[in-house]
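Just dropping this structure here.
No lab work stands behind these numbers, since they all come straight from the coordinates. Predicted model, so just to flag it, every value in this text is computed and none were measured. Every residue, glycine among them, receives a Cβ derived from its backbone with ideal geometry; neighbour counts consider all protein chains shown.
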Amino acid sequence: MLVPPAILALVAAAVFITLLAARIRRQLSLVPSPRLGGPVLGNATAYATDPAAAIQAADVQCGPVFSIQMLFTQNIWLRSNVLNKFYVNVKEDAWSFGWGMNLFLHPVVAPGYWDHLRTLVGSLNRCINRSEALDSYAAIARDEAVTGFAQWAQTNDTALFESASVLAHKVIVRCLMGPDFYHHNVYELSDLLHKVEADIGSIFNFVLPHWVPHPAAKRLWKARDRMQDIFRERLRERASDPNRWADSEDYVSHTLRDRLTVHLTEFFPAHHTLLMFAAHTSTVASISWTIAEACLLKQCLIRSPERLAILRKELLESPSVHSSPLLHACLKETSRHYSGINMLRLARSPVTIPDSNVVVPVGAVVSISPYLTHHDARNYYRATEWFPERWLEGGEQFRPAKSADEVTYLGFGAGSHRCPGEKMAGTIAREVVGELVRNYDFGWAASGPPKDFGALDFTKIGSPWLKGDAHVRITPIAKQ
Ligand code: HEM
């Protein structure tokens, strides 16, 4: 009897899938897996509860390469300075940053966006790192800081992270999108950002096919569509008066002038959604933690309160906030001490981990941990302390050992996806923190210091914020 071709094709497909699954299982079985809690979901639960403790415990149990099953996704972790270096240099076609982002950002980006990520990030890099652009962003940050802090000073209790988030959002919209988006849409964009943040971590985004209209997906699609409408409206207005935008330093204007990106306008909304995440969370963390640490200095005498006096003097005597070594050191230390728990790539082709039998299979998530690298006593003197002096001239003995084979500082990433926004974020943070230190006295609000300074919220994309926020009070310094 003749077997119909459709059945033959089905049988062939089933055999192929079985062989592939067996191969993946064989490869995975070479990756040790820790026992962090009960069976089945124990590891995933331990990671969700306290990711830093879970990864540290797994490292102790399994050594530098291990895997943690997160529901349907295999997350393979690499934990050594040498493997950090290896990781950041693996190319996009093997371990993809874009595909990793797509695991959770897919409901808010237009199909096809990730194919243009390199081109768009390249244009961002060229635009925002020019001195004219950085000067203009510094002026915007100064302006928003002056207005913002005048408002903070009108109340006795300011929620630090929440208020710094409003301030940073305004600066970022003005710099990246321009004055028209700022004028018409700044509050709506903030609202959209918060709505997207609230739904982007929904488990259904990971486990269901992308087309399933579950409630979180529907809300995210609505936010994506509104972002597209906002861009359509603003770009239509700009097209009717092109001369007005000829010299504008905002990044939207740059992409409209750049011949490599001008034809990609349909992807601008997705790109700016990604940038709102990339730029916002970590810049807010940088500003807020530095202010919180300064409040702590004042409160806690054993932690050298004179640092704050030195910083204020240095800022008042320097021609600009950008030439204060101590302010640079404080912000660099904040990005070391309060860095993200993980970096994430999606494996697109099998890669063998050096000095091991492990082959990372296609489809696995691969991670390293900036946070744990920065808190490792083998890498940093007083590793678990916020200690800015380590970055100052003469503080060399506190700097991490430099070896060409290792990466021990990942505050802004390294290798193929190093952050293009480092200078912009530094410029904004120095203007904002500098304005506060020079012109205001500040400390905790009447509710006192946060109960647990170690309660880091690692659920955000980027640097952690403080769970439950911190409350501060600022008062203008009387000018003589
Ligand atoms: C203090 C603030 C910031 C911190 C700590 C920070 C940190 C980082 C880190 C660690 C990475 C690497 C991620 C990885 O390899 O997985 C990264 C990438 C990136 N950051 Fe930042 N960032 C900050 C501000 C900004 C700003 C202001 C922008 C935009 C204007 C920005 C845009 C990006 C982009 C587009 C990437 C991806 C680069 C690529 O795909 O090659 N970041 N950032």
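Enter the angle in degrees (range 0 to 90, nearest 10) between the Cα long axis of helix 325-337 and the first principal axis of the Cα atoms of the chain, meaning the one along which they spread out most.
Relative to the chain, helix 325-337 is tipped by roughly 30 degrees.
At 222 nm, what helix-only mean residue ellipticity would the chain give, in deg cm²/dmol to the nearest 500, using -39500 (n - 2.57) for each DSSP H run of four or more?
Only helices count here, giving -17000 deg cm²/dmol.
Next question. Cα centroids of the range 163-224 and the range 424-480: how far apart, whole angstrom?
24 Å
Over the range 429-478, what is the relative contact order in whole percent, taking alpha-carbon pairs under 8 Å and six or more residues apart?
Details: 45 pairs, mean separation 23.2, N = 50.
RCO, the range 429-478: 46 percent.
Hey, got the dipole for the chain? About the Cα centre, +1 on K and R Cβ, -1 on D and E Cβ, debye to the nearest 20?
It works out to roughly 860 debye.
Have a look at Ser369, Thr334, Thr352 and report the one farthest towards the positive end of the charge dipole of the range 332-390, computed about the Cα centre with Cβ charges (Lys/Arg +1, Asp/Glu -1).
Result: Thr352, furthest along the dipole toward the positive end.
Here's another thing I want to ask about it. Using the Karplus curve 6.51 cos²θ - 1.76 cosθ + 1.60 with θ = phi - 60°, what ³J(HN,Hα) values do you get for each residue of the range 244-257, in whole Hz, with x for Gly and Pro?
Once rounded to whole Hz, the list reads 4, 9, 4, 10, 5, 8, 5, 6, 4, 4, 4, 5, 7, 8.
Which order do the peptides 168-181, 372-385 come out in when sorted by mean C-beta neighbours inside 10 angstrom, highest first?
168-181, 372-385
Follow-up question, since we're still on this one. Whole-Hz ³J(HN,Hα) for each residue in the range 443-456, computed from phi via Karplus 6.51 cos²θ - 1.76 cosθ + 1.60 with θ = phi - 60°, x for glycine and proline: what do you get?
After applying 6.51 cos²θ - 1.76 cosθ + 1.60, I find x, 5, 6, 4, 5, x, x, x, 5, 9, 5, x, 7, 8 Hz.
Distance from the Cα centre of the range 112-144 to that of the range 27-105, in angstrom?
So the two Cα centres are separated by 32 Å.
With the cut-off at 18 Å, tell me which of the pairs Lys91/Lys460; Lys91/Lys332; Lys195/Lys218; Lys332/Lys423 have Cα atoms farther apart than that.
The answer is Lys91/Lys460; Lys91/Lys332.
Can you list residues from other chains, or at least 5 along the same chain, whose modelled amide H is less than 5 Å from the amide H of Tyr440?
Distant-sequence amide H within range of Tyr440: Ile477.
Same structure, new question: Karplus couplings for the range 173-190 from phi (6.51 cos²θ - 1.76 cosθ + 1.60, θ = phi - 60°), rounded to Hz, Gly and Pro as x?
These are the phi-based 3J(HN,Hα) values: 5, 4, 6, 7, 9, x, x, 6, 4, 4, 5, 8, 10, 4, 6, 5, 5, 5 Hz.
Rounded, prolate or oblate: pick one for the chain, where a ≥ b ≥ c are the square roots of the eigenvalues of its C-alpha gyration tensor, a/c under 1.5 means rounded, and failing that, prolate if a/b is larger than b/c, else oblate.
Judged from the Cα gyration tensor, the chain comes out oblate (a/c at least 1.5, b/c at or above a/b).
Note down the relative contact order for the range 337-480 as a percent, whole number, built from C-alpha pairs under 8 angstrom at least six residues apart.
Computed value for the range 337-480: 20 percent relative contact order.
Taking amide H positions as placed in the peptide plane 1.01 Å from N, state which residues far from Leu344 in sequence (5 or more) or on other chains have amide H under 5 Å from it.
Excluding prolines and chain starts, which carry no amide H, there are no hits.
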